[in-house]
Structure formats: structure tokens, C-alpha cells
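Participant: Quick one: this structure, given as C-alpha cells, is what I'll be asking you about.
The values are calculated or read from the model by the stated rules, or taken from the named source; none is laboratory data. A quick note: this is a predicted structure, and the numbers were derived from the prediction, not measured. As a convention, Cβ positions derive from the backbone with ideal geometry for all residues, glycine included, and neighbour counts pool all protein chains shown.
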Amino acid sequence: MKKLHTPLLDRLKEHYDRQVFSFHVPGHKYGELWSDKMLKKDLLHLDATELSGLDDLHDPSGVIKEAQDQTARFYQADRSYFLVNGTTVGNLAMILATCRKGSIVLVQRNCHKSIMNAIRLAEARPVFLTPEVDASTGVTTGVTLESVEEAFKLYDAIDAVVLTNPNYYGMTQDLTSIIAYAHEQECPVVVDEAHGAHFGIGSPFPPSSLSMGADVVVQSAHKTLPAMTMASFLHFKSSLVDPLDLEDKLQLLQSSSPSYVLMASLDYARGYLESLEPRDIEQIISSINELKDRLKIVPQIEVVQASNGCAYHDPLKLVMQSRTKLSGYELQKVLEQIGIYTELADPFNVLFVLPLSRLEKIDHLVKLIKETLASYEVVNDRLPMHVNYKLPAVAEIDLKKSSQQEQKKVLLTDAVGKVSAETIIPYPPGIPILLKGERITKDHIEYCSFLIEQKARFQGNQPDQEIAIFL
């Protein structure tokens with residue numbers, strides 16, 4: 001037998017040997033939160049199919065149904081569903097179940113790209129709500145009740161409101177008033193709660209959007225819970241959305257060969273969350289506060305909190321900024337050189353996703369950071385905050401019309417006032433800063449140029465000096 005050539009597998013092994021600290025998803029932290037020996041070491045033993053006694057995800061009546069029902073009881077949903085194609089498939093299903101061809105849907109402007117893909121598939125008319133911007137981090141947060149009310153006054157019939165809560169950085173809104181207002185108009189509210197699968201376990205963790213009245217909520221269990229990548233939950237609790245239609249869309253979109261390993265990890269993730277007692281949560285929060293206090297001794301960095309009045313902030317999200325001339329991207333690379341891998345960086349911030357367990361090796365972590373950054377000079381003239389959301393509170397884009405038009409490439413400097421023929425997505429976090437069909441402003445061009453200068457990574461097209469526009 002020839003020697004196996006497995007470049008991806010080999011690189012994954014090398015990465016595991018090289019990393020020291022995992023401050024990124026998935027939430028199981030290389031299996032550290034898995035106490036079950038078989039889950040930790042013998043996953044291939046669980047890679048089965050629809051055999052007798054193992055049930056069927058697409059027609060659950062046995063153990064899968066029992067596991068989903070237990071999940072619904074824990075999250076206080078009418079129904080909960082296991083997703084093996086990630087939160088992406090949940091976003092697609094909930095939008096296809098609430099939107100029809102030509103229907104108007106209100107969408108939070110800083111939504112994930114999967115939301116936009118779902119609206120395109122539904123052939124709906126998106127109306128964008130511009131979010132607020134957090135002054136301390138420069139990132140977008142949530143929309144206001146006033147902007148939602150304004151949109152309902154501008155349009156006669158709105159079929160759904162699509163919100164994202166929390167944002168990637170853990171900043172969380174109280175959506176109660178927005179949801180109540182939409183329900184008064186007999187309009188369902190669906191929420192991409194990808195980063196909130198652990199919400200609702202008690203203060204100081206935020207409540208879930210489901211408890212605020214949302215009709216459908218999708219959560220990435222793999223982000224903060226000990227579930228494997230692509231394992232997510234969809235929760236339903238509504239009198240405005242047809243559950244049979246929702247189930248039909250999940251049947252249409254999910255794999256016909258669902259992974260039992262992913263489903264088992266979802267069952268374990270819910271069980272892990274349910275097993276946490278008040279003293280466990282106290283220990284988790286205590287260790288997080290200890291880490292933040294210890295990081296204060298490092299003059300080259302600063303741990304920042306949202307300053308725009310978000311109702312809640314997720315304790316598992318730690319946002320760090322450089323107090324040197326290092327940008328967020330550069331600081332992330334410096335940390336990676338010493339085995340500290342973080343979730344993402346932007347021009348200003350580095351995001352740590354902390355484990356839902358007591359932090360270990362805090363002394364070693366802080367010592368590594370302090371020693372590594374000691375040679376960098378602390379400066380007062382840090383990178384000025386630069387944000388790109390000087391947009392109207394409510395804006396509409398005709399996705400269908402734009403997709404049928406001819407297009408060409410032009411210089412970025414010549415694109416102002418034109419309609420973009422491509423979507424520009426810095427990745428991570430996967431939130432578009434310019435949408436296909438959107439009219440390009442000076443602010444768009446300045447922000448794209450700024451990100452290029454900072455060496456941001458883009459998914460798909462790299463907006464170097466040119467951008468595609470519609471003629």
C-alpha cells in the first residue's frame with residue numbers, strides 16, 4: 001500500500017501539537033469539555049447510519065425524537081430540531097418558511113451572509129435596518145425599535161423581521177419591545193442567535209431571544225457548547241409560523257445522510273449545559289474575572305466592554321485591543337506565534353471565545369502575553385476608530401433586478417454612486433460590508449480601502465483596486 005498523502009489531516013495534527021491555548025470555536029476546546037472517553041477518543045465508533053434502534057433525523061420517533069424533545073424542554077421551546085448543516089441551514093429554513101416570492105422582509109444590516117443567501121433563494125424583497133455602532137470597539141450591534149417602527153410605516157405588508165442577536169462580540173439586545181411591536185402587526189420575528197446557544201442558564205449570561213418572544217431561533221451549539229462544528233439547534237415557539245412548513249424546509253435542505261456523530265454531540269452539548277449548577281457558573285465567572293484582572297497588568301493591551309448601552313454582554317466573549325501601534329490583525333498574529341489562537345481579529349480588536357468551564361493556566365497565559373508584548377512601546381496615538389455604517393435607517397435593494405443586469409469592473413475610486421455587482425465580505429466574521437445591488441457610497445470605498453491596507457482577509461472576491469458594478 002502506498003503512503004497516504006493527506007495534507008489537510010497532516011496540517012490539523014501539526015496545528016494541534018503547536019497550539020497551547022484555544023480561544024476560538026468550537027466550544028469543546030479540542031475535546032477538553034468532553035468527559036466521556038468514547039466521545040473524546042473513539043468518535044469513529046459512533047459514526048453510524050439509520051440502523052434499527054438508532055432512529056431517523058428526517059422522521060424521528062425514537063432516540064432522536066427523545067433527544068430533540070429534551071432539548072425543547074430545556075430551552076422552553078414548543079419544538080427543537082437538530083441541525084447537521086450548521087446554523088446556515090437553520091437560517092435558510094426559517095426564512096424560506098416565513099418569506100415568499102416578492103414578500104418584504106426586514107433584515108438587520110449586519111446579518112450573516114447566510115441570511116442574505118436565504119432571502120435570495122426565497123426571492124423576497126429585503127429592507128435593511130441599519131444597526132447602532134459601539135463606540136468603544138467600532139463594531140455594529142443591534143437595531144432600535146424606532147427603526148423597526150419606521151420601516152412598518154413605509155411598507156404596507158411585511159412578512160418577517162430577521163434579527164441577529166447577539167453580535168459576534170457578545171453584545172446583546174433586549175428584543176422584547178421589538179418583538180412585541182412586530183407581533184402586534186401579526187408579523188413573525190426570527191433570530192439568528194448563532195452565538196447564544198448557552199444563553200438562559202442564569203445571570204450574568206444573557207437571556208435567549210426565545211424567552212423574549214421570538215418565533216424561531218437558530219443557535220450554533222458548536223460555538224460555545226461542547227458540540228462539533230456544524231452542529232446547531234433550531235427552536236420553534238410561534239403561532240405565526242407554520243411548524244409543518246418549517247419542517248418541510250428542513251427536510252428539503254438538510255443532508256439525507258445526517259451525521260450521527262454531530263447529532264450525538266448536540267445531545268451531549270444540551271446535557272452538558274443542563275448539568276451546570278449555580279456553583280459551576282459562579283466558578284466560570286470567577287475565573288473569567290480573574291483573567292481580566294490579571295490582564296490589566298499588561299500595559300500593551302486593554303480589555304474593553306461595549307459602551308453603547310447594550311442590555312447584556314456575554315461573559316464568554318473577551319475583546320482585547322492593542323495599546324501599541326499593532327493593529328488587531330497584527331496583535332492576533334503575535335499571539336499565534338506563542339500558541340494563543342483567538343477567534344477573530346478586526347482592525348481594532350482581537351476576540352477571545354472563552355470556554356464554558358473554569359479557566360485553567362491563567363498564570364501561564366498572562367505571563368506569555370506579558371513577556372511577548374514587553375518589547376512593544378505603549379502609544380497614545382492608536383489607530384483611529386473607523387466604521388462604515390453611515391447609512392439610512394431603512395434601505396431597500398432589489399436583488400432579483402440587479403442579478404439580471406450586465407456588469408463590469410471599475411477602479412474603487414470610480415465606483416462611488418454606482419450599484420455594486422458583488423458582495424464584499426471580510427471573513428471572519430462573515431458580515432457583508434457591501435451588498436450586491438447596494439449603491440456604493442464614499443464611506444464604502446474608504447472602509448474597503450482601509451481594510452485592504454490593514455491586510456484583512458475577504459471571502460470570495462478580494463476588493464484590491466477594482467470592484468464589479470452593474471451597468
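Participant: From 69, 78, which residue is closer than 15 Å to residue 216 by Cβ, at pLDDT 90 or above and not assigned by TED's automatic domain parsing to the domain that holds residue 314?
Facilitator: 78
Participant: Determine whether residue 271 is out of contact with any Ser or Thr (no Cβ under 6 Å at 6 or more places or on another chain), free of Cβ contacts under 8 Å to residues at least 24 places away in the same chain, of a type outside the set (A, V, I, L, M) and farther than 30 Å from residue 139 by Cβ.
Facilitator: yes
Participant: If the requirement is being in contact with a strand residue (DSSP E or B) (Cβ under 8 Å, 6 or more places away or on another chain), modelled with pLDDT of 95 or more and hydrophobic (A, V, I, L, M, F, W, C), which of these qualifies: 240, 234?
Facilitator: Testing whether each residue is in contact with a strand residue (DSSP E or B) (Cβ under 8 Å, 6 or more places away or on another chain), modelled with pLDDT of 95 or more and hydrophobic (A, V, I, L, M, F, W, C) leaves just 234.
Rundown of residues vs (1) at pLDDT below 95; (2) of a type in the set (S, T, N, Q); (3) in the same structural domain as residue 203 (by TED's automatic domain parsing), yes/no style:
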residue	(1), (2), (3)
321	no, yes, no
329	yes, no, no
351	no, no, no
355	no, no, no
391	yes, no, no
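Participant: Tally time: how many residues in segment 303-317 are touching a Ser or Thr at 6+ places or on another chain (Cβ under 8 Å), surrounded by fewer than 19 Cβ atoms within 10 Å (Cβ to Cβ) and outside any loop (DSSP other than H, G, I, E, B)?
Facilitator: Going through segment 303-317 one residue at a time, the tally reaches 2.
Participant: Have a look at 177, 238, 256 and point out the one that is part of a helix (DSSP H, G or I) and among the small types (Gly, Ala, Ser).
Facilitator: 177
Participant: Which residue pairs have Cβ atoms closer than 8 Å, lie 6 or more positions apart in sequence or on different chains, and pair a first residue in segment 284-311 that is over 18 Å from residue 205 (Cα atoms) with a second residue that is in a loop (DSSP other than H, G, I, E, B) and among the basic types (Lys, Arg)?
Facilitator: Short answer, once both residue conditions are applied: 299/323; 300/323; 301/323; 302/323; 303/296.
Participant: Name the single residue, out of those in segment 80-96 being under 15 Å from the mean Cα position of the chain (by Cα) and within 17 Å of residue 57 (Cβ to Cβ), that is surrounded by the most Cβ atoms within 10 Å (Cβ to Cβ).
Facilitator: Result: 90.
Participant: Next question. Regarding residue 133, is this residue at pLDDT below 95, surrounded by 20 or more Cβ atoms within 10 Å (Cβ to Cβ) and more than 21 Å from residue 90 (Cβ to Cβ)?
Facilitator: Here the answer is no, as residue 133 does not meet what is asked.
Participant: Residue pairs, Cβ under 7 Å, 6 or more apart or interchain, first in segment 92-109 and assigned by TED's automatic domain parsing to the domain that holds residue 163, second polar (S, T, N, Q) and part of a strand (DSSP E or B). List them.
Facilitator: Note: pairs meeting the criteria are 108/164.
Participant: Across segment 97-142, what is the total count of residues that are acidic (Asp, Glu) and either closer than 17 Å to residue 157 by Cβ or over 19 Å from the mean Cα position of the chain (by Cα) (or both)?
Facilitator: Qualifying residue count, segment 97-142: 1.
Participant: For residue 365, only one of the following conditions fails: (1) buried (at least 19 other Cβ atoms within 10 Å of the Cβ); (2) assigned to a loop (DSSP other than H, G, I, E, B); (3) modelled with pLDDT of 95 or more. What is its number?
Facilitator: For residue 365, the exception is condition (2).
Participant: Follow-up. I'm trying to understand the selection: among the residues of segment 267-282, which are assigned to a helix (DSSP H, G or I) and over 26 Å from the mean Cα position of the chain (by Cα)?
Facilitator: 278, 279
Participant: Next up: Take segment 16-57 and flag every residue that is more than 27 Å from the chain's Cα centre (by Cα) and modelled with pLDDT under 75.
Facilitator: Once the filter is applied, which keeps residues that are more than 27 Å from the chain's Cα centre (by Cα) and modelled with pLDDT under 75, segment 16-57 yields 36, 37, 38, 41, 42, 44, 45.
Participant: Now a separate question. Got a sec? Which of 161, 189, 127 is in contact with a His (Cβ under 8 Å, 6 or more places away or on another chain), more than 22 Å from residue 273 (Cβ to Cβ) and not assigned by TED's automatic domain parsing to the domain that holds residue 349?
Facilitator: 189 is the lone residue from the list that is in contact with a His (Cβ under 8 Å, 6 or more places away or on another chain), more than 22 Å from residue 273 (Cβ to Cβ) and not assigned by TED's automatic domain parsing to the domain that holds residue 349.
Participant: Confirm whether residue 28 is surrounded by fewer than 18 Cβ atoms within 10 Å (Cβ to Cβ), not small (Gly, Ala, Ser) and not assigned by TED's automatic domain parsing to the domain that holds residue 366.
Facilitator: no
Participant: Something else: Testing residue 411 on (1) under 19 Å from residue 327 (Cα atoms); (2) at pLDDT 70 or above; (3) loosely packed, with under 12 Cβ neighbours inside 10 Å, one condition comes back false. Which one is that?
Facilitator: Condition (1) is where residue 411 drops out.
Participant: A further question on this structure: Any chance you could count how many residues in segment 160-199 are crowded, with 19+ Cβ neighbours inside 10 Å, in contact (Cβ under 8 Å) with a residue 40 or more places away in the chain and more than 17 Å from the chain's Cα centre (by Cα)?
Facilitator: Qualifying residue count for the region: 4.
Participant: Quick check on my filter: what residues within segment 259-287 are modelled with pLDDT of 95 or more and either touching a strand residue (DSSP E or B) at 6+ places or on another chain (Cβ under 9 Å) or hydrophobic (A, V, I, L, M, F, W, C) (or both)?
Facilitator: 281, 284, 285
Participant: May I pose another question? Those residues that are assigned to a helix (DSSP H, G or I) and surrounded by fewer than 24 Cβ atoms within 10 Å (Cβ to Cβ), I need them from segment 69-79; list them, please.
Facilitator: 69, 70, 72, 73, 74, 75
Participant: Same structure, new question: Considering only segment 145-166, state which residues are assigned to a loop (DSSP other than H, G, I, E, B) and modelled with pLDDT of 95 or more.
Facilitator: 158, 159, 165, 166
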